[in-house]
Every structure is written in C-alpha cells, then in structure tokens.
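Read through the structure below, which is laid out as structure tokens, and then see the notes.
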Amino acid sequence: DGSASAAMTSEEDTEVLEEPSGGDRGGGTRAQTSAQTKAAESKLSKVCTRLMFGTPMIFGFFGLVWLGHPYMVMLVCLLQVGLFRELVNVRYKPAKEREVPLFRTVQWAMFVVAMTHVYGRVFVKLGLAHSATERLPAPVAALVKETIKYHRLISFSAYVATFVGFVLSLRPGMYKYQIGNTVWTVGVLSLVVWQIKGTTELIFAGLVWFMLPCGLVVANDCWAYFSGVALGKRFIKSQFLALSPNKTWEGFIGGFILTVIWGWWYAGMISNHPWTICPQRNVDPFANLSCEPSPLFQVQSIDIPSKDLWLFSVEAKPFQLHAAFLATFASVVAPFGGFLASAIKRAYNIKDFDSLIPGHGGFMDRMDCQFLMLLCTNVWYRTFVRAYDDLSEEDLLRVIHSMVPSARASFLEKLLLEFSCTGTCPG
C-alpha cells in the first residue's frame, strides 16, 4: 500500500487479542493463553522483518530523489515491469502454458507495445525526446528523429503484429483459457500502464508532484495501522469491509484525520528546496536546477474556502492546500486499490503477489493504492495547477524548436497572418 509502507505493517495484518473470560482478578492482569502469546510473538516478528527490509527501501527512494528526475522515471518503469509480471502470473497455469506456444511472448509483447507508445508520446510532448537527440552523435540523432517522426506508425505496426501473432497462437481446446488470459492482460495494462501514464509529466514538472502522492499513501497506511491498533472496535463495532475483515472504522477515520494533518506538514517541508520544486526540461542526469519559486510554493494569506465565501484565512503555501485535498483522496478513495488487490488474492487463493521483498510480498502488495493516487494527482495538477491551455513562452519555444524546418516555417507564416503582420511586426 505504498512503495515505502515498508516501515509499518498493514492494518490488515492486525488482530485484536481478547482477554480470556474469568472472574474478577483484582488489580492483576489476566494471563495470555499460549495461542495469544504465539500470535503476539508472530506479530512482533512481522514488524521487525518489515522494518528491516522497509527502512532501506525508504532511504533508497530518497536516494533516487537526490539523483534526480530521469532516475525517478527509471524507477517507475522498473516498478511497471514488476507489477505486470506479478499480475499476469496470477492466472499462470504451467500445464496449459506448455500447450500454447509463444503465448507468454505475446503477453510481454503487448506490454512492450503499450509502454513504447505511452512513453514515446509523453517524451515527445514534454520535449524530452528532442532534448535527448541533442546529446547524441549526429548519425544516431538523425535515426532517433526519424523514429520520433514515425512513432505513431511504428506503434500501430507493432500492435498489429502482436494482434496477428495472438490470433495465430490460438489452439483448439485452449480458446477459453487464451482469450480469458488476453482479456486479463488488457486489464492489467490499463492498471499498470495507462492509469499512471501521466507520472512522467508529474516528475518533470517538479519532484514534489511525485513525492507528495507517494508519501500520502504511505502515511495513510501507517496512520491507519496505528489508529486501528490503538482504537480498533472500541467505538464502532460494525464491520468495516468484508474484503478486509481486520480493518476497522477507527483505523479508517483516524488514518484520514492524521494523514491530512501530516500531509500539510509534509507538503511544506518538501517544497522548500529548488531541487524538488523546479521543473526539468531535459533528460540530463544531475541537471543544475534553479528557478524562481512559483507563488504556489510561497507562504501567503489564503482565504478559506474562497475569497467570495470567506470564513477565515491561514498563512500557508497554496501547495499545502492542494496537499490537504490530495490527502483526503489518499485516505478515502486510494485504499480501494488495496481492497481490489485483496479481492484478487482471495479469488485466486494467494497470500502475496510475490515473495520478492521479505515481509512485504511483491511490488503489487506495496503499490496497490498508488495507481489511483498517481492518476488523481495528475488530473488534479492538470485541472487546478496547470491547465492544458496554460502554456508559458518557454513551453511554446520548446514545441517550436521540436518542429521540422518546413513545419516551423509554416507556423511562422500563420502566426504573422494571425496578427496581421507582414515583414517585421511592430514591437
């Protein structure tokens, strides 16, 4: 439930130990049964294991933040590969796979086509592809530019080849299994590729836009665990959700309140450094970033809920206000990604998606809530922070620079015509 939830156990693993029935024992405490003692020791062992392997994951994440934007994109790509592998393996049946030649190859071909298409479009849109060609040898740069020019055709051709390959791989008696797995694969691609395709845009817009959603999901997981352990079933006895019977209303509500408070502080902390708030316009590793902090990251008086409906004012960064709304989503909606993961595991009778990380399972066990959170952050960013029509002069110049000479000349003619200019426009 977050790449670094590493530090704490999931509330789903929490069990409330009830005291044995008996008469009044005065001021003494009731002894635990052997089963209760064993359960407590097992729980402590799980906590220690998760802390042991989770702490390096947390430091590794911040180490990649220090390395910079391109390395964070590489991390996302690596996670997508691991997530795809784990999810398609859920329905893997070795006996049947041996009867279907190249079926696994077709599945991975579908993943490669989807990743190439999505990242190609994003890198071209952000101007990163053309930035990369400027640092390549001339012959290689020319080849890359031609590839960019025909990227859509290349993606379509690869899709057609994969589609035809799948149809040719169909075998009598295996149709239901093959088609069912293909539909499952398409669903997995929508989760691990299409749903987080805007993550690269968030990273290059400023590392804070990637650090914030990831941190909020991890924090909510931890705060919900603490709240559930401390207050679970003490105030609300009714079951929270059948999919996760060990989760409690107290954990859910307490996690929400504490995540919003923590998110306010966390947003203020990570938005103090140019390295995290400045956008990067190229793919240079260890780029020297410097920028004038946007008003979004400057402390100012904010009217709540708005200037027209003023109730009170706070001195804070607008970014912290955005964080409060995103923290609400991370606490109320994002956990449903974890509930879906729980349902998948119950449906296929598995405990974890993988055993890659001791005490944590696989990538999917840690990332199940991040899909919705990253999608929400991208939608929020494009809607309330930087709308699609909010292009700076630098953005326009970058787009113009990426055009081929003939398109650039045509654009200039249309621009002059738009402003009714002939020759040199008056200043």
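Any read-out appearing in this document is the output of simple, stated calculations on the displayed coordinates, not a laboratory observation. Just so you know, these numbers come straight off a predicted model, no measurement behind them. Here Cβ is always computed from backbone atoms with ideal geometry, including for glycine, and neighbour counts include all displayed protein chains.
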Quiz item: What chymotrypsin sites (Phe, Trp or Tyr not before Pro) in segment 239-318 are in a loop by DSSP, with at most 15 other Cβ atoms within 10 Å of the Cβ?
Solution: Phe286, Trp310
Practice problem: Take the Cα coordinates of segment 167-225, assign each an equal point scatterer, and use the Debye formula without solvent to give log10 I(q)/I(0) at q = 0.16 Å⁻¹. | Solution: -0.70
Quiz prompt | Simple spin-label estimate for Phe62 and Trp108 in nanometres, 7 Å along Cα-Cβ | solution = 3.7
Exercise. Provide the gained length on full extension for the span Val81 to Gln300, in nm with one decimal, where the gain is 0.36 nm per separating residue minus the Cα-Cα distance.
Key: 74.6 nm
Quiz item: If R0 is 30 Å, what FRET efficiency do you get for Thr49 and Met74 from their C-beta distance, rounded to 0.05?
Solution: 0.60
Quiz item: Which three semi-axes in whole Å describe the equivalent ellipsoid of segment 164-270, each the square root of 5 times a Cα gyration tensor eigenvalue, listed largest first?
Solution: 39, 25, 7
Quiz item: Which values of log₁₀ I(q)/I(0), to two decimal places, follow from the Debye formula for segment 200-337 at q = 0.19 Å⁻¹ with a uniform point scatterer at every Cα?
Solution: -1.05
Exercise. Express the C-alpha Rg of segment 288-374 as a ratio against the empirical globular expectation 2.2 N^0.38 Å, rounded to two decimals.
Key: 1.64
Exercise. Would you kindly give the portion of the calculated P(r) for segment 108-190 that falls above 15 Å, as a percent of all Cα pairs?
Key: 66
Practice problem: Could you bin all the Cα-Cα distances of segment 227-297 into 5 Å bins starting at 0 and give me the percent of pairs in each, rounded to whole numbers? | Solution: 3, 14, 16, 12, 10, 8, 8, 8, 11, 7, 3, 0
Quiz prompt | Gln239-Thr147 pseudo-label distance in nm [points 7 Å out on the Cα-to-Cβ vector] | solution = 5.3
Quiz item: Which number comes out as Rg/Rh for segment 322-361 once both Rg and the Kirkwood Rh are worked out on C-alpha atoms?
Solution: 1.15
Quiz item: Taking segment 73-110, which chymotrypsin sites (Phe, Trp or Tyr not before Pro) meet the DSSP loop condition and have no more than 13 other C-beta atoms within 10 Å?
Solution: Tyr92
Quiz item: Distance from the Cα centre of segment 194-222 to that of segment 279-322, in angstrom?
Solution: 16
Quiz item: For segment 322-379, which trypsin sites (Lys or Arg not before Pro) are both in a DSSP coil and crowded by at most 14 other Cβ atoms within 10 Å?
Solution: Lys351
Quiz item: Applying 1/(1 + (r/R0)^6) with R0 = 22 Å to the Cβ-Cβ distance of Ala347 and Trp194, what FRET efficiency is obtained, to the nearest 0.05?
Solution: 0.45
Self-check item: Label-point gap, in nm, between His401 and Phe163 - each point 7 angstrom along Cα→Cβ
Solution: 3.8
Self-check item: Fraction of the pair-distance distribution of segment 100-246 above 22 Å, Cα-Cα pairs, percent
Solution: 63
Quiz item: Want the number for Val332 to Arg98: 0.36 nm per residue separation, take away the alpha-carbon distance, what's left?
Solution: 79.9 nm
Quiz item: Rounded to two decimals, what is Rg over Rh for segment 64-154 when you use alpha-carbon atoms and the Kirkwood radius?
Solution: 1.09
